[in-house]
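What follows is a short report on a single structure.
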Amino acid sequence: MTQQTRKLRSVVKGVGSALPRRCVTNRELESQVDTSDAWIVQRTGITQRYIAGEGETTASLGTEAARMAMARAGCGPEDIDLIICATSTPDLTFPSVATMIQAELGVRGGVAFDLQAVCAGFVFAVATADKFLISGSHKRALVIGAETFSRILDWKDRTTCVLFGDGAGALVLEAQEGEGTNADRGVLAARLRSDGRYKSKLYVDGGPSTTGTAGCVRMEGKEVFRFAVGHVTDVMVDSFADTGLTVEDLNWFVPHQANQRIIDASAQKLGIAPQKVVKTVQLHGNTSAASIPLALNVACEDGRIKPGDLVMIEAIGGGFTWGAALIRW
Ligand code: ACO
């Protein structure tokens, strides 16, 4: 008889999301920049995005998403001892968005910090929270992806401004003892990568230590596309290898929602059936670190993702940074 070793797992207890009040369609953008609904849909799949208005910030959206996730997890401020917020668009250079959210939620204990890995931020945050939880040092984590990319866009640059949107999503992860098998609920594997040589392909042309301004997103779209399709599947293959699970075992693939063509090409490369792919890029645009938890929330609310399902999250972002995680829901 094989002896299994019991093991702490980071189990999803609740999911939540938040979007700004204002929805901006492709048609509306046609009156602002030289673009067309047909071009945007054909090249990206995006039909609309949400844009933050007065009083709506990364911290306010992150707080709203966190509240929803906590309510669904049935936990209060006293239950949370770790908050990680993935963002590249903080309200202020410091303090962190995570500490602002901590204060708003009334969480008085534990630790809160931001994590910056651009569009891969949420996967990096899940992997980081998992390390804390499975070490036994912390019990319950809020993992948030929150962004207001609309505030770092050059609204005269049609090659970038049509692609992005604002929003936030959150998960409550709780340390629970499992059997140490792939049947356990929780994060089963996570693989992260970075390669700083690609800075010029996707970056923001400002910052506190250079221009003293927030700057705007600059991107060589074709290069990002090529790298994404070429490399992001590596971390997915590695995550499967870590567990011995395969694409056949997967119930849902929830990739970063940057572009429908990147999503389709990645799924196809790994042989993931189209009906297992969760796509929300058409509704939200690219919301960077918020895109995966926003998509998770949609797929949980509409009943697709259920407890026990095997879910793969995956993302690539500026740096480049990229990663994947396999989660038994
Ligand atoms: N509306 C109309 N025409 C446009 C627009 C627009 N919004 N933007 C560019 N064009 C034009 C270009 O000027 C070009 O015209 P030309 O042929 O006369 O020169 C033509 O459309 C084709 O442009 P390409 O850049 O070749 O278009 P492509 O098919 O590569 O699509 C896109 C561009 C959508 C940006 C694509 O390259 C892409 O999706 N790349 C990946 C981007 C991405 O996912 N970024 C996020 C990464 S995650 C993160 O960390 C932020």
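Tabulated results
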| item | result |
| --- | --- |
| Considering residues of the range 269-280 that are more than 16 Å from the ligand (Cβ to nearest atom) and more than 14 Å from E314 (Cβ to Cβ) only, the residue least open to solvent (accessible area, probe 1.4 Å) | A273 |
| Filtered residue count, the range 222-263, keeping only those that are in contact (Cβ under 8 Å) with a residue 12 or more places away in the chain, open to solvent by 60 Å² or more (accessible area, probe 1.4 Å) and among the charged types (D, E, K, R) | 5 |
| Which listed residue is more than 17 Å from Y50 (Cα to Cα) and under 14 Å from the mean Cα position of the chain (by Cα), from V278, V298 | V278 |
| Qualifying residue in the range 41-52 (condition: within 13 Å of the ligand (Cβ to nearest atom), open to solvent by 60 Å² or more (accessible area, probe 1.4 Å) and polar (S, T, N, Q)) | yes |
| Where E177 falls short, out of the listed (1) surrounded by 16 or more Cβ atoms within 10 Å (Cβ to Cβ); (2) touching a Leu at 6+ places or on another chain (Cβ under 9 Å); (3) in contact (Cβ under 8 Å) with a residue 24 or more places away in the chain | (1) |
| Sole residue being more than 22 Å from the chain's Cα centre (by Cα) and either open to solvent by less than 10 Å² (accessible area, probe 1.4 Å) or more than 16 Å from the ligand (Cβ to nearest atom) (or both), chosen from G62, G16, G55 | G55 |
| Criterion (at pLDDT 95 or above, under 23 Å from P90 (Cβ atoms), within 11 Å of the ligand (Cβ to nearest atom) and not acidic (D, E)) met by exactly one of I152, I144 | I152 |
| I292 more than 13 Å from the chain's Cα centre (by Cα), within 28 Å of D184 (Cβ to Cβ) and crowded, with 24+ Cβ neighbours inside 10 Å | no |
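The values are calculated or read from the model by the stated rules, or taken from the named source; none is laboratory data. As the structure is a prediction and not an experimental result, all values here were calculated from the model. Quick reminder, even Gly has a Cβ in these numbers, built from the backbone with ideal geometry, and neighbours come from all protein chains shown. Protein only, heavy atoms only, side chains kept; ligands, DNA and RNA dropped before computing areas. Shrake-Rupley method; radii C 1.70, N 1.55, O 1.52, S 1.80 Å.
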